[in-house]
Amino acid sequence: MCGIAGYCGYDPALPHVVEMLRRLEYRGYDSAGVAVVEPGRPLYIRKDAGKLGIVAEQCWPASEGTLGIGHTRWATHGKPTMENSHPHTDCTQNVAVCHNGIVENHGALRQRLMESGHVFRSETDTEVIPHLVEEGLAAGATFEEAVRSAVDQITGAHAIVAVDTRNPDEIIGVRIGHAGGLVVGYGDDAMYLASDLPALMGHAKSVVHLNDREMAVVSRKKTRFTTVDGLEVERKHQKVIGNACSPTNGKFPHYMLKEIMEQPQSLHNALRGRVDVKRQTVELEGFPFSQERVSQFKRVVLLGMGTSYHAAMAGRYMMESVARIPCQVENASEFRYMDPVVDSDTLIVAVTQSGETVDSLAALESLGAKGAPLIVICNVPGSEATRVADYTMSINAGPEIGVASTKTATGSMLCLYLLSIYLGQTRGTLPVSKRRLLLNEVMHLPNLVGQALQTSEHIREVARRFSLASNVLVMGRGISTPTALEGALKIKEISYIHAEGYAAGEMKHGPIALIDRHTITVAVALKDQMYQKMLGNVSEVRAREGKVVALATKGDDVLAHDATDVIEIPSVPYLLSPIVAAVPLQLLAYEVAVARGNPVDMPRNLAKTVTVE
């Protein structure tokens, strides 16, 4: 959510800033804007509600200024309007600010500033920042000092970039807390600032990620780093790994469909280099904990939010069954406030596809302070979570542009499966024979997912009937329960149909009251140890005239008789079933959204990276 871009070089800044913002569109936004500084001229501002293209069309005549900033906004304080779009300016129209985060004390600051004569033009919390900078400059401070003073007065977590027409050779960036990242990029005769690494691909050869309470003063040739208290700090550059190509959806009508179809390859990428076929072991390069240290772990806590939380739920089944270590799953946004009992023998595993989710970062920080060892399963190299963790297990799914997670969801679960085997073999709790069986099964996983994808045409037919529903229940048992929860999440995210996922054993404890002939129930009813119980749940739905779409094992004639519609997947081992079963549910949600004419890749009110609470 909310993208920041900045350019300082010798070329006109505007095209660079707009291009960088385009690369951040996947984060989700509802308005956009740019500000360019050109010596001797008024600040050049173009902004509006809606997509970046609306703003780009307004950029005529274009500024020739060589320093600029831009922003894509996801509304928090104030509706998506032109006035509420970033950048925001001060009364003099000399200072412009883009900001990710929430100014928690903005009400009191706004009141004080208005009493001092400042005029506000928006409803946003962000607008207090340029006015605070203006106040500092009027008191005789330098631009850098004024920004530092403004930051000292606001509370909350923030990523801020600021420019001033009277300082046309500098962009100042500040990071406070976990309101998303801020990255400085070093290019040829230019410097860049961005909230996420993809904006810099093809431009920056090396980068520096700002740490908490750090400030960057960026000019054409160099960047000077300080703490927000003014102390100079030395930062080492990190080489940018990747290519200059922006992700495209190619022959596919949407990124989401492309990313669903990429899953056989993305899962293969997650396996590559981690399974030693000859020795029949899992190898995790650079794993920092010794065999003795791993044997000291008394329990594992899995953390996640949204899709990552559901992946963690499936991971608990894997961890306890394979590694034989007690495991609990926690929602990161709640766990951070529980004052949890953890110590150095509690292994924390956080699942976060972006590595910038604010709740997960805050939880990791507090748990690390308690001495807990930290592992992160993440898809974005260099993200904040990877820098906080003791060890990062990369999902290796490649860029995921669609807001609704698909290939990162299945990749997360596969990483948890491999981590479970690794911990089991290291602790000596996983028999060699079982380990060989598990590894043999997982090597067939990309092919099984490929077979599941072959149901796409049938799913499209089911989706046409499904698309008129107003309420959907999704149920599963055992390891299929997180699959049901994830299926419901995907449906509500992109189809906008109210959907509720639940453990089927809970049916008589409430959900059964919702079932009638107008309700569609999706039943994840594979041929596993919970199969007979799921058949009973399906019968209970049908007895109340409910429609049932069953996700079934291929060749299941019983469900074919009882259900309204059946979507088949190949027979799959129990612990791998959530990965394979997720795929047709992703397709079902996608096809329903298409049938309803929804914007699949950028569903309303949602963002790819959630950087504010």
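Spin-label model, Glu104/Glu283: points 7 Å from Cα along the beta carbon direction are separated by 4.7 nm. With 0.36 nm allotted per residue and the present C-alpha distance subtracted, the Ala595-Phe252 stretch has 121.9 nm of extension available. Computed from Cα positions, the angle between helix 106-115 and the longest principal axis of the chain comes to roughly 20 degrees. Computed from the alpha carbon positions, the gyration tensor of segment 1-137 leads to an equivalent ellipsoid with semi-axes of 24, 18, 12 Å, biggest first. With contacts taken as Cα pairs under 8 Å and at least 6 residues apart, segment 496-613 reaches a relative contact order of 18 percent. Mean sequence separation of contacting Cα pairs (under 8 Å, at least six apart), scaled by the length of the chain, corresponds to a relative contact order of 12 percent. Centre-to-centre, using Cα atoms only, segment 383-425 and segment 544-589 are separated by 26 Å.
Backbone phi angles across segment 587-598, fed through the Karplus curve with coefficients 6.51, -1.76 and 1.60 (θ = phi - 60°), yield HN-Hα couplings of 5, 4, 4, 4, 5, 5, 4, 4, 4, 8, x, 7 Hz in residue order; Gly and Pro are listed as x. Please report, as a whole percent, how much of the solvent-accessible surface of segment 368-512 comes from carbon and sulfur atoms (probe radius 1.4 Å). Exposed carbon and sulfur together represent 52 percent of the surface. For the modelled label position 7 Å from the Cα of Arg427 along Cα-to-Cβ, which residues of segment 276-310 have backbone nitrogen atoms closer than 13 Å? It comes to 292-302, nothing else.
Ordered from highest to lowest accessible area with the whole protein assembly present and a 1.4 Å probe, His88, His458 read as His458, His88. Amide H contacts of Ile102: Ala157, each under 5 Å away and 5 or more positions distant or on a separate chain (H built 1.01 Å from N in the peptide plane; Pro and chain starts excluded). Short to long, the 5 Å bins of the Cα pair-distance histogram for segment 358-408 hold 4, 21, 26, 22, 16, 7, 3, 0 percent of all pairs. Here r is the Cβ-Cβ distance between Thr564 and Lys51 and R0 is 35 Å; the resulting FRET efficiency, rounded to 0.05, is 0.35. Between the amide H of Asp196 and those of Ile4, Val183, distances stay under 5 Å, these residues lying 5 or more places away or on another chain, with hydrogens modeled in the peptide plane.
The distance linking segment 104-154 with segment 283-358 is 41 Å (Cα centroid to Cα centroid, whole angstrom). Counting only residues at least eight positions apart within a chain, or on another chain, the lysines with an alpha carbon under 24 Å from that of Lys79 are Lys47, Lys51, Lys492, Lys608.
Applying the Kirkwood pairwise sum to the alpha-carbon positions of segment 252-390 produces a hydrodynamic radius of 16.2 angstrom. Short-range pairs are left out: with C-alpha atoms under 8 Å and at least six residues apart, the relative contact order of segment 98-187 is 31 percent.
Per-residue packing, averaged as other Cβ atoms within 10 Å, sorts the ranges 388-394, 29-35 into the order 29-35, 388-394, beginning with the highest. Neighbours of Ala397, meaning other residues whose beta-carbon lies under 13 angstrom from its beta-carbon, give a summed charge of 0 when Lys and Arg score +1 and Asp and Glu score -1. In this rough spin-label picture, where each label sits 7 Å from Cα along the Cβ direction, the Met443-Asp212 distance is 4.4 nm. With the highest mean first, a sort of the peptides 10-16, 197-203, 125-131 on other beta-carbon atoms found within 10 angstrom per residue produces 125-131, 197-203, 10-16. The residues of the chain have, on average, 38 Å² of accessible surface per residue, using a 1.4 Å probe with all protein chains present. Sorted largest first, the principal axis extents computed over the alpha-carbon atoms of segment 313-404 equal 36, 29, 22 Å.
Extension gain for Thr227 to Arg465 (0.36 nm times residue separation, less C-alpha to C-alpha distance): 79.9 nm. Against the chain, whose longest principal axis is taken from its Cα atoms, helix 456-466 shows a tilt of about 80°.
Excluding same-chain neighbours fewer than eight residues apart, the lysines reachable from Lys205 by a Cα-Cα span under 18 Å are Lys221, Lys222, Lys236, Lys239. In order along segment 296-309, the Karplus-derived 3J(HN,Hα) couplings, from 6.51 cos²θ - 1.76 cosθ + 1.60 at θ = phi - 60°, round to 7, 5, 9, 7, 10, 10, 9, 10, x, 9, x, 4, 5, 5 Hz, and Gly and Pro are given as x.
For a test of the definition: using alpha carbon positions, the gyration tensor, and the 1.5 limit on a/c, classify segment 86-154 as rounded, prolate or oblate.
Since a/c stays below 1.5, the shape of segment 86-154 is classed as rounded.
Rounded to two decimals, the Cα radius of gyration of segment 487-530 over 2.2 N^0.38 Å is 1.27. Taking the C-alpha atoms only, the angle from helix 432-442 to the longest principal axis of the chain is near 70 degrees. Taking a sphere under 9 Å around the Cβ of Phe297 and counting the other residues whose Cβ falls inside, with K and R at +1 and D and E at -1, yields a net charge of +3. Overall, the chain carries a charge dipole of about 1720 debye about its Cα centre when +1 sits on the Cβ of Lys and Arg and -1 on the Cβ of Asp and Glu, all other atoms neutral. What the phi angles of segment 204-212 give under the Karplus curve with 6.51, -1.76 and 1.60, with θ = phi - 60°, is a coupling list of 8, 8, 8, 9, 10, 8, 5, 8, 4 Hz, glycine and proline written as x.
Here are a few candidate values for percent of Cα pairs over 45 Å apart: [x] 36; [y] 40; [z] 22. Which one was actually calculated from the structure I just gave you? Identified label for the calculated read-out: [z]. The packing ranking, built from the mean of other Cβ atoms within 10 Å per residue, places the peptides 462-471, 360-369, 265-274, 478-487 in the order 478-487, 360-369, 265-274, 462-471, highest first.
The values are calculated or read from the model by the stated rules, or taken from the named source; none is laboratory data. Since we're looking at a predicted model, the values are computed, not measured. When we count neighbours, we look across all protein chains shown, and the Cβ atoms used for this are built from the backbone with ideal geometry, even at glycine. We work out accessible area using only protein heavy atoms, side chains counted, and drop any ligands, DNA or RNA first. Shrake-Rupley method; radii C 1.70, N 1.55, O 1.52, S 1.80 Å.
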